[in-house]
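Down below is the structure, laid out as structure tokens.
A short reminder: the numbers here are calculations on the coordinates, not readings from a lab. Please read these numbers as outputs of a predicted model, since none were measured by experiment. Here Cβ is always computed from backbone atoms with ideal geometry, including for glycine, and neighbour counts include all displayed protein chains.
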Amino acid sequence: MDRETYIIGNWKMFKTSTESVQFIEKIAPLISDSPSHVYLSVPFPSLHSSVIAAKKHHLVIGAQNMHDQTEGAFTGEVSALMLKDVGAKFVLIGHSERRQLFQEDDQLINRKVLQGLKHDLKVVLCIGETLKDRKQNKTKEIIRDQLKKGLNGVPKDITNFIVAYEPVWAIGSGHAATKEIAQDVHAYCREVLSEQFSKNHAKKIPILYGGSVKPENISELMTQEDIDGALVGGASLHVESFEKIINF
Ligand code: PGA
């Protein structure tokens, strides 16, 4: 495969700034030889200290969300410029918890994608179907819709961009998608991406799998043609399990 691989930890609302630094100091020496890019999306208050702790290590720090405007009267929100200024290199957009618990729709997610790209943050666009969608045989329809709407108006030669396919039913459930199910959807994502961009360009876009990735299932997921890495929640909170996933 000519694509590079990525392992991204998503800490969600876990770890104080102090705990984040302790984690980074512990894991950094264990992952220096990993052939994958290793990213950590940390809570906002951990960003600055994590960027400093990760400096000179094989570890890139980013955020889990941001606002869709550059600045303004939006109490409690954080902008792309603020993320950039503290050294964040990437941002997750459209995670299913943002979609479900914070009512983020595809239009808002699209504005955030455009905003992130405009400010040179690498955008990790998260998409995925619910169990209900899957049972109703709507997985591909949902995936197509989320990709098309999320990517509305982005440049044809988009770089600095990653897709994370995370079936909602697999997130935090302990039951990952099988490698066959994941590969099937990843290949479909690439097909949709090649309609939007070009076939050649779509081939270069990394597509990560997320949802109950663990040390026990990472190797087999990574054998699949269109799986270019993983977005890891629960198992990224512990040095032992995250290190095993990174060095799979
Ligand atoms: P999980 O979470 O690995 O705990 O299933 C993945 C995610 O929400 O990104």
Yeah, segment 167-248 with a ≥ b ≥ c from its alpha-carbon gyration tensor (a/c under 1.5 is rounded, else prolate when a/b outruns b/c, oblate otherwise) is prolate
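Where does each of 25-36, 226-237 land if you order them by average Cβ count within 10 Å, highest first? The partial results should precede the final answer.
On the way: 25-36: 14.7, 226-237: 23.3.
Highest mean packing first, the order is 226-237, 25-36.
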Residues whose built amide H sits under 5 Å from the amide H of Ala164, excluding neighbours closer than 5 in sequence, are Leu125, Cys126, Ile127, Leu208
Between Leu101 and Asp145, the FRET efficiency computed from the C-beta separation at R0 = 22 Å comes out, to the nearest 0.05, as 0.65
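About the Cα centre of the chain, how large is the charge dipole given +1 on each Lys and Arg Cβ and -1 on each Asp and Glu Cβ? Please answer in debye to the nearest 20. Could the numbers behind the result be given before it?
Details: 30 positive and 31 negative charges, 52 e Å.
It works out to roughly 240 debye.
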Under the Karplus relation with 6.51, -1.76 and 1.60 and θ = phi - 60°, whole-Hz ³J(HN,Hα) for segment 79-89, x at Gly and Pro, equal 9, 4, 4, 5, 5, 4, 5, 8, x, 5, 10
Subtracting the Cα-Cα distance of Ala73 and Asp120 from 0.36 nm times their residue separation yields 14.6 nm
Once the dipole of the chain is set up from charges on Cβ (+1 Lys and Arg, -1 Asp and Glu), the residue from the list Asn217, Gly87, His186 lying farthest towards its positive end is Gly87
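R0 = 25 Å: FRET efficiency of Ser194 with Glu220, Cβ-based, nearest 0.05? If you can, show how the numbers build up before the last one.
Working: r = 26 Å, r/R0 = 1.03.
Computed FRET efficiency for Ser194 and Glu220 comes out at 0.45.
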Set Lys148/Lys204; Lys140/Lys244; Lys15/Lys55, cut-off 24 Å on Cα-Cα distance; pairs above it are Lys140/Lys244
For Lys214, counting only aspartates and glutamates whose alpha-carbon sits under 12 Å away and dropping same-chain residues fewer than eight positions off, the answer is Glu240, Glu243
Taking placed amide H atoms and a strict 5 Å upper bound, the residues 5 or more places from Tyr6 or on another chain that come that close are His37, Gly229, Ala230
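When the chain is fully extended, how far beyond the present Cα-Cα distance does Asp184 get from Lys56, taking 0.36 nm per residue of separation? Before the final figure, lay out each step's value.
Values: separation 128, 0.36 × 128 = 46.08 nm, distance 3.74 nm.
Extending this stretch completely gives an extra 42.3 nm.
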Pairs over 18 Å Cα to Cα, from Lys89/Lys179; Lys84/Lys112; Lys84/Lys118, come to Lys89/Lys179
A correct Karplus calculation of ³J(HN,Hα) over segment 106-113, with 6.51 cos²θ - 1.76 cosθ + 1.60, θ = phi - 60°, whole Hz and x for Gly and Pro, returns 4, 5, 5, 4, 4, 5, 5, 4
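Using only C-alpha atoms and all pairs of different ones, pull out the Kirkwood radius for the chain in Å with one decimal.
Numbers: mean 1/r = 0.0556 Å⁻¹.
Roughly 18.0 Å, rounded to one decimal.
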Computed ³J(HN,Hα) along segment 201-214: with the Karplus parameters 6.51/-1.76/1.60, θ = phi - 60°, integer Hz and x for glycine or proline, the list is 6, 4, 4, 8, 7, x, 10, 9, 9, x, x, 6, 6, 9
